[in-house]
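Just so it is clear, none of the values below were taken in a lab; they were calculated from the coordinates. Because the structure is a prediction, the values reported are computed rather than measured. When we count neighbours, we look across all protein chains shown, and the Cβ atoms used for this are built from the backbone with ideal geometry, even at glycine.
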Amino acid sequence: MHGRWIELGWADPAEVFRAADVFCLPNRQTYYDLVLLEALSSGSFVVASATGGNKSVFHETGGAITLYDGEAGLLPALRQALDLPEAAREAQRAQALAAWEANYTLEAFARRFVALTETLRGARP
């Protein structure tokens with residue numbers, strides 16, 4: 001077994017996310033990956049491919065995640081993330097967590113759902 005191997009067993013996913021310096025989501029194509037929201041909920045520093053729902057989350061969170069383009073962009077994005085001073089990474093983690101709380105909690109989804117139904121109700125002929 002490799003020295004950097006960590007056996008997770010029945011670990012709490014949030015603990016796993018918090019144990020990592022960076023959470024990387026290297027999709028070639030995605031629509032809306034829920035694991036990205038799980039990473040945000042734990043306050044992880046996120047590096048994700050600039051595709052599909054990752055772009056939406058980037059915009060909805062005010063840039064709380066780092067996006068990269070294509071396979072060639074992954075390694076430089078990870079290097080840049082790991083070279084940031086810890087204070088800068090902590091600030092982005094805090095921004096990610098605040099964005100999750102504002103946009104992706106059950107309460108936030110419920111507020112948007114109610115607002116949508118009210119809008120649709122008012123749009124009826």
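Annotations
- Calculated [222 nm] ellipticity per residue, helices only, for the chain: -18000 deg cm²/dmol; basis is -39500 (n - 2.57) per DSSP H run with n ≥ 4, divided by all residues, nearest 500.
- Relative packing of peptides 65-74, 90-99 - highest average C-beta neighbours within 10 Å first: 90-99, 65-74
- Relative contact order for segment 17-123, counting Cα pairs under 8 Å that sit 6 or more residues apart, in percent: 27
- Amide H contacts under 5 Å for Leu67, placed H, 5+ residues apart: Ala48
- Between the helical axis of 106-122 and the longest alpha-carbon principal axis of the chain there is an angle of about 30 degrees.
- Karplus 3J(HN,Hα) series, Hz, for segment 26-31 with 6.51 cos²θ - 1.76 cosθ + 1.60 (x for Gly, Pro): x, 7, 7, 8, 8, 9
- Global geometry of segment 1-107, whether rounded, prolate or oblate, following the gyration tensor of its Cα atoms and the 1.5 cut on a/c: rounded
- Helix 86-103 axis, angle to the chain major axis (alpha carbon atoms, nearest 10°): 30
- Take the Cβ atoms of Ala20 and Ala123, set R0 to 41 Å, and the FRET efficiency comes out at 0.35.
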